[in-house]
Amino acid sequence: MFIEMIKCHGTGNDFILIDEISYDYNFTEEDRKNLAIKLCDRKKAIGGDGILFVQKSEKCVGKMQIINSDGSEAEMCGNGLRCVGKFLLETTGENKILVETMKAVYLVEKVQDIYKGVFTDEITIDSIDFNVDSLPLVYEKENLFFEKLTALSDIREFTAISITNPHLVSFVEEIEKEELKAVGIKANDTKELLPKGVNVNYVKEIDEDSIYVKTYERGVGLTKSCGTGMVSSSIATLLKHGINEKTYNVYNDGGMIQCKVTKNEDGIFRVMMRGNATFIYKSTISIERNFNYSEGEREYFTKENQCYEEFLAYTKNIINK
């Protein structure tokens, strides 16, 4: 079988995008799982944090199914959705579309470039839930706001937020990757506390307008960035400071996005997440029945990648000041 693919990323969170709208590959769910495990291996294959399957939808322009690199399925992925959004925006010629995910529908809109030459789209996220059952998290209270979970850490306080996928957010003076990794592994291994696992986000405040986020992503591990992790971290920052609206520059190891967080008079939250969706290259892969594969010549999006590298250098200068 020959499969057309695009390697892409949102702030360094990289994926293999496969178009199931134009091409009828007849994948089973087991096929998708095996493809992700095989192709996302960074040492032996193409490498990536997951595969974005772009599928037909009965109610939207398209549907995103994301399979993580370990073969597990994620409910939502903000960085991935921006990449799928770009693909569908360019395919349809529209500037604004609706995209279906496992549990919710999102508005994706082409907006002004976040940096010169860097394709940027914006996702409207209102699928925000603070009830611990939405993660789920086994906890004695209905919500978890800035409190300890001693099963994970004796020193860190956490806030629990669902963006249809589960997140814990903790504010730190400095982000220690090994500590975050240890807490992330423990959180996903402690099923009596978090039956379906969780994404763990450490947040360092740079200034009143900017934060730096590092995420241990369920099913992936430490990543350069996590879209919904940055969204949940922005929400937690707003909660921490007791305000109702703020636009944050959210930096990470793979770049930066902007999150405009609003809380209305009824206590309902909404986030406008704006960031890059960058295509790295496209190619054709030949898959055998045992999922061994070969890849054809890669056609790089050279100018697009050059612009993003300039943007990345700019963001690193901000972080390292």
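Bear in mind that the values in this text are calculations on the coordinates, not laboratory data. Keep in mind it's a predicted model, so treat the numbers as computed, not measured. Cβ atoms come from the backbone with ideal geometry, glycine included; neighbour counts cover every protein chain shown.
Summary table below
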quantity: Cα centroid separation - segment 242-321 against segment 147-175, whole Å; calculated: 23
quantity: Net dipole in debye of segment 251-320 [+1 Lys, Arg Cβ; -1 Asp, Glu Cβ; about Cα centre; nearest 20]; calculated: 240
quantity: Cα gyration tensor shape for segment 132-273, rounded if a/c is under 1.5, else prolate or oblate; calculated: oblate
quantity: For segment 2-53, the spread of Cα positions along each principal axis, largest first, Å; calculated: 28, 20, 17
quantity: Using a Förster distance of 41 Å, the FRET efficiency for Arg270-Lys44 (Cβ separation, nearest 0.05); calculated: 0.45
quantity: Signed unit charges on C-beta, dipole axis of segment 250-321, positive-most listed residue Tyr300, Ile268, Ile285; calculated: Ile268
quantity: Gyration tensor verdict on segment 43-83 (Cα atoms; rounded if a/c is under 1.5, prolate if a/b is larger than b/c, oblate otherwise); calculated: prolate
quantity: Sparsely packed chymotrypsin sites (Phe, Trp or Tyr not before Pro) within segment 229-291, loop by DSSP, other Cβ within 10 Å at most 13; calculated: Phe291
quantity: For Val250, net neighbour charge (Lys/Arg +1, Asp/Glu -1) across residues whose Cβ lies under 15 Å away; calculated: +3
quantity: Cβ-based net charge around Lys148, under 12 Å, with every Lys or Arg adding one and every Asp or Glu removing one; calculated: -2
quantity: DSSP-defined beta bridges in segment 132-273 - what % are antiparallel, rounded to 5; calculated: 80
quantity: Three-way shape label, segment 36-104, alpha-carbon gyration tensor, a/c 1.5; calculated: prolate
quantity: Greater than 25 Å apart at Cα, pairs in Lys116/Lys316; Lys96/Lys321; Lys204/Lys321; Lys224/Lys282; calculated: Lys96/Lys321
quantity: Magnitude of the charge dipole, the chain, Cβ model with Lys/Arg +1 and Asp/Glu -1, debye to 20; calculated: 380
quantity: Computed magnitude of the charge dipole of segment 1-154 (debye, nearest 20; Cβ of K, R +1, Cβ of D, E -1); calculated: 520
quantity: In Hz, Karplus ³J(HN,Hα) per residue of segment 148-153 (6.51, -1.76, 1.60; θ = phi - 60°; x = Gly, Pro); calculated: 7, 10, 5, 5, 9, 7
quantity: Cα long-axis angle, helix 78-92 against the chain (0 to 90 degrees, to the nearest 10); calculated: 40
quantity: Qualifying trypsin sites (Lys or Arg not before Pro) for segment 160-196 [loop in DSSP, other Cβ within 10 Å: at most 13]; calculated: Lys191
quantity: Length released on extending from Ile206 to Ser286, taking residue separation times 0.36 nm less the Cα-Cα span; calculated: 24.2 nm
quantity: Cα lying deepest toward the dipole's positive end in the chain, options Tyr202, Leu107, Asn252, charges on Cβ; calculated: Asn252
quantity: Angle in degrees between helix 177-189 and the longest Cα principal axis of the chain, rounded to the nearest 10; calculated: 80
quantity: 0 to 90° range, to nearest 10: angle between helix 29-39 axis and the chain longest Cα axis; calculated: 90
quantity: From phi via Karplus (6.51, -1.76, 1.60), per-residue ³J(HN,Hα) for segment 253-264 in Hz, x at Gly/Pro; calculated: 5, x, x, 7, 10, 10, 10, 8, 9, 10, 10, 7
quantity: Additional length obtainable on full extension of the chain from Asn305 to Leu107, 0.36 nm per residue less Cα span; calculated: 68.7 nm
quantity: Coil-residue trypsin sites (Lys or Arg not before Pro) of segment 32-94, DSSP, other Cβ within 10 Å capped at 16; calculated: Arg42, Lys43, Lys44, Lys56, Lys59
